[in-house]
1. On the basis of being at pLDDT 95 or above and either assigned to a strand (DSSP E or B) or of a type in the set (Gly, Ala, Ser) (or both), does Ala66 make the cut?
2. Pick out the one residue from Leu164, Leu78 that is part of a loop (DSSP other than H, G, I, E, B), crowded, with 17+ Cβ neighbours inside 10 Å and modelled with pLDDT of 95 or more.
3. Checking Val159 against (1) surrounded by fewer than 19 Cβ atoms within 10 Å (Cβ to Cβ); (2) within 27 Å of Asn200 (Cα to Cα), which single condition isn't satisfied?
4. Just to verify a result, which residue in the stretch 120-147, among those that are surrounded by fewer than 18 Cβ atoms within 10 Å (Cβ to Cβ) and small (Gly, Ala, Ser), is farthest from Thr108 (Cα to Cα)?
5. Might you check whether a residue that is at pLDDT 95 or above and among the charged types (D, E, K, R) occurs anywhere in the stretch 25-46?
6. Provide a single number: the residues in the stretch 167-179 that are in a loop (DSSP other than H, G, I, E, B) and either within 11 Å of Val133 (Cβ to Cβ) or in contact with a strand residue (DSSP E or B) (Cβ under 9 Å, 6 or more places away or on another chain) (or both).
7. What pairs can you find where one residue is in the stretch 240-252 and on the phi < 0 side of the Ramachandran plot, the other is of a type in the set (Gly, Ala, Ser) and part of a helix (DSSP H, G or I), and their Cβ atoms are less than 6 Å apart, with a gap of 6+ or different chains?
Amino acid sequence: MQTTGNTILITGGGSGIGRELALRLHALGNTVIVTGRRLEVLQAGIAGPHMHALELDVDDIHAIEAFAQQVLGTFPQLNVLINNAGIMRYEDLSKHSDLCDAEAQITTNLLGTIRMTNALVEHLKLQANAAIVTVSSGLAFVPRSDAAVYSASKAAVHVYSQCLRQQLSGQVEVIELIPPAIQTELTPGQSNREGYMPLNVFMEEVMALLCAQPTPNEIVVQRARLQRLAEREGRFEQVFERINANAIAQRR
């Protein structure tokens, strides 16, 4: 991935990984457009004249199509899409529920990624140094049982990314970012949760990998390798039990 001179669109750019990616990529000399549901939050994070905030709810398929036309009219040089918007909810699968949280996670995490890519892919194929970055999770590879739908949605993002990479080979670079548990605002209390990777430490490692030439197809920081490689290395059951024992202790 070219790391400077791009015009980059980041969904979910108002907090956490999205906000940090925006700031760091802007500092490298890129034009960065951040999107999210709350414009005032996005605008508070603007760090210079080449950062721009645009309101977008990736749950709304009609809004995505209209947004794509708007953003390409204003930024015709757009050549990088980072599908970062995501939500996580804990759930008890042993009880009947209304499935609102389950459906919301699938809509934001998976359909949001698919719909944003679909809206911009024809444009991106015509751009020099084009790239699509998807954000999955270590939980895509070893799930957390109390975040089953989140884990499943991120596993689907991983599979989608693999297929997208194959179909866009030679046209658009497809990179998957696979975070471990990070201190962000993804869930209540997570931003200072003991044992989670500090966001700034994570981002330093991510940026080093993004700036590598050639950029890896998967951005996997050292801490995320435990989950990413668990099944390949025959450690899935061990890591699954460890992650879920920690989850139980966290809930107490």
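The values are calculated or read from the model by the stated rules, or taken from the named source; none is laboratory data. All of these numbers come straight from a predicted model, not from anything done at the bench. A quick note on method: Cβ atoms are made from the backbone with ideal geometry, for glycine too, and the neighbour counts reach across all protein chains shown.
1. yes
2. Leu78
3. (2)
4. Restricting to residues being surrounded by fewer than 18 Cβ atoms within 10 Å (Cβ to Cβ) and small (Gly, Ala, Ser), the top hit is Ala128.
5. No, because not a single residue in the stretch 25-46 is at pLDDT 95 or above and among the charged types (D, E, K, R).
6. Total satisfying the criteria: 4.
7. As it stands, the answer is Asn244/Ser145, since those pairs meet every condition given.
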